Amino acid sequence: MAEATHRDSEFLDRRLSLIAQATGTPIGTQSPEALAGQVVELLCEGFETDAAAARWLQGDQLLLLAARGIPGPKLNEALPASVGLAGEMLSSGRGVLINDVATHPLTAETFRSKPGSFRFRSFVGVPLLVGQRRVGVLGLYDINHPQVYEPRDLQHLQIVGNHIAAAIDNTRLYDELQRANAKLEARAERTTEELRESEARFRLLAEHAIDIISQHTLDGRFTYVSPAVTAVLGWPAEELVGKLPREFVHPDDRDAVISARPELMSAGDRAVHRTYRFLTAEGDYRWVESASRRQPRRDGQAQEQLVVVTRDITRRRLAEQRLRLVQAAVTEVREAVVITDASLDPPGPRIVYVNPAFTRMTGYTAAEIEGQTPRILQGELTDRAMLDRLRVSLERGDAFSSETVNYRKDHTPYTVEWNIAPVRQPDGKVTHWVSVQRDVTKRRHEEQLAQLNRDTLAHDARLTTMGELASGLAHELNQPLTAIANYANGALMRYERDDPTAPTAARDVLRRVSDQATRAGTIIRRLRAFIGRRTGTTVSASLNDIVREVLEINEQDTRTRGVTVAVEADSQLPATTLDRVQIQQVVLNLLRNAIDAVQGQPPERKRVWVRTRHAGDGALQLTVEDAGDGLDAAGRARLFEPFFTTKAEGMGLGLTISQSIVEAHDGRMWAEDGAAGGLVLVIQLPVCADE
């Protein structure tokens, strides 16, 4: 189980156990004030807070039953029931969550005008309800810190508070009964009439309780059932008298109920608790919780009896089941779920919950991310314009959907698609934001690759067309160049045959014309072979020859742009099997990138070095180094990504395609820092014999 879910379940179980601890005290063994004091101590423990208070409504006053950690008020101190936070909770019947008295609408104005009137900074409280009656208030306080409590604390406190209210109310009723019985027992002689009076008082109190109060023989049979049984379970009280409770218990829970009797016989004054399903008059089952204890036999009573208080907890069980269902669903869903509070003041909403999918996506644990703002995930590639639109939507209370780049804990970027929706109270006020997020990095990368393939195909189609045009043009140029070479050779032969004394300079000119025409024809034939339509073929070739051919093809561009290219070739380099034209394309691309990199440099730095060497381990290595400005580590890391370019007119495809060609030859390609301050691109190819 993920850390956040485990902690939520632990909190829920721990706080629910307070109900059993707070309400399981045997009736009549302590005063309402003592029970309230026990409740306050248990609440401070379960909700991990240092201050709590319980007040009981008496007329139009609220009496302080118990308090811990709050300086000033004394027990039984009375306050008006219609003012302050208590008045708000009693009038509305709803709980109040205040994360900061300085900013909450209920307290901000008073805090600004009378800051000393508050002895706390954070507060969560609920009205104490017995049925529809509002009998008091229960509150938790943090004296010094804002932003302490969460909505789940309010939910849990309401569940606890309802049952605590019933327990305190029952204790007060029992306290009155005990005081009445104590007066009767103080008399020297107890008469049967007094006993009947005590029983009548017990019945009177029981008949006004919302929980079912029943008396039983030691073997468990009902001897009395309060009228609440009709409202809760639909049974007329007299119909249950003389019957065993087990007759109405769900078969799956029957053994647990039967086992309570021997436990009760040895429990002394300690209450025995059971939770089970009880059959209603309509034929369905409702969840109930009972606390049973032995009632010692008094003078005039035929035998010892059992007293049982039974409470309907069906709604609580359903709420717990729904809460666990939602927790399980959010935990298991594959999309990341983030819940923040609704604060829009800087630094923005704070994260109160993330599910395990979020921790897997980002690398942050729940403990690391909760309490932070979503800004912790943002970085240089995050879309700032999108964040401005998001804030406008949040200020309006609208849902929002978008996509941006966030950063994981290890600072790697990822593309996230998310939808944000508000969580509202019944009055429409936004209390939280829920964001469902999906990592679409892989999908976007696949879309980019698909676009790259489409662009590459279009580029190849254009190159094919250009190749056909250039091939035809080369064919047409080759004929006059051949004629020029032939004419020059013919003139030279006639000079040497007819006039051996002709000037040497004239013969040198004719010889150079012939040589250059022949050289131009050779270059055109190589260019025609490089760009012409062809199928991939591998041949045994020298890497040095390929470098020389590429330099000849690019000689005019190199000279025009004033760049000096130095070649350091290993003359002992063995031949290897490769696709000659594809490797020419790679070397030409690296050479042109290096020439582009030194543009804008002073003349002495317009230098490029092309080197070949035997790298050992059966590998050949070619490096192209420039004296440009180089790239930082981040730029080198992205150098081979599709569409990444540092050129204003670049497409960002050349190095990606070149790397693919090298890897198709079982080679590798990478970048390094150059000794001259520029960049070194390295190609390493295996030495392979031609098969």
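The values are calculated or read from the model by the stated rules, or taken from the named source; none is laboratory data. Remember, predicted model here, so these are calculated numbers, not experimental data. Please note: Cβ atoms are built from the backbone with ideal geometry, for glycine as well, and neighbour counts cover all protein chains shown. Note: areas computed on protein heavy atoms with side chains; ligands, DNA, RNA excluded. Shrake-Rupley method; radii C 1.70, N 1.55, O 1.52, S 1.80 Å.
Key figures for this structure:
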quantity	calculated
Qualifying residue in the range 146-164 (condition: of a type in the set (Gly, Ala, Ser), surrounded by fewer than 16 Cβ atoms within 10 Å (Cβ to Cβ) and assigned to a helix (DSSP H, G or I))	no
Members of the range 431-440 found to be surrounded by 16 or more Cβ atoms within 10 Å (Cβ to Cβ) and either among the hydroxyl-bearing types (Ser, Thr, Tyr) or not in a loop (DSSP other than H, G, I, E, B) (or both), listed by number	His432, Trp433, Val434, Ser435, Val436, Gln437, Arg438, Asp439
Sole exception among (1) assigned to a helix (DSSP H, G or I); (2) farther than 30 Å from Leu154 by Cα; (3) open to solvent by 30 Å² or more (accessible area, probe 1.4 Å) for Leu264, by number	(3)
From the options Asp439, Asp455, Asp427, residue that is at pLDDT 65 or above and in contact with a helix residue (DSSP H, G or I) (Cβ under 6 Å, 6 or more places away or on another chain)	Asp439
Odd one out for Tyr276, checked against (1) in a strand (DSSP E or B); (2) without any contact (Cβ under 8 Å) to a residue 24 or more places away in the chain	(2)
Selection within the range 46-72 - free of Cβ contacts under 8 Å to residues at least 24 places away in the same chain and either closer than 16 Å to Gly161 by Cα or open to solvent by less than 30 Å² (accessible area, probe 1.4 Å) (or both)	Leu64
Hits in the range 393-422 (condition: within 24 Å of Thr365 (Cβ to Cβ), open to solvent by 30 Å² or more (accessible area, probe 1.4 Å) and touching a residue at least 40 places away in the same chain (Cβ under 8 Å))	Arg408, Lys409, Asp410
Residues located in the range 329-342, provided they are touching a residue at least 24 places away in the same chain (Cβ under 8 Å) and open to solvent by 40 Å² or more (accessible area, probe 1.4 Å)	Val333, Glu335, Ile339
Residue list for the range 346-370, restricted to those being outside any helix (DSSP H, G or I) and touching a residue at least 60 places away in the same chain (Cβ under 8 Å)	Pro349, Arg350, Val352, Tyr353, Val354, Asn355, Thr365, Glu370
Test: residue in the range 292-301 that is in a helix (DSSP H, G or I), acidic (Asp, Glu) and modelled with pLDDT under 85	no
Qualifying helices (runs of 4 or more DSSP H) (wholly inside the range 533-620; at least 3 residues being open to solvent by less than 40 Å² (accessible area, probe 1.4 Å))	543-553, 580-597
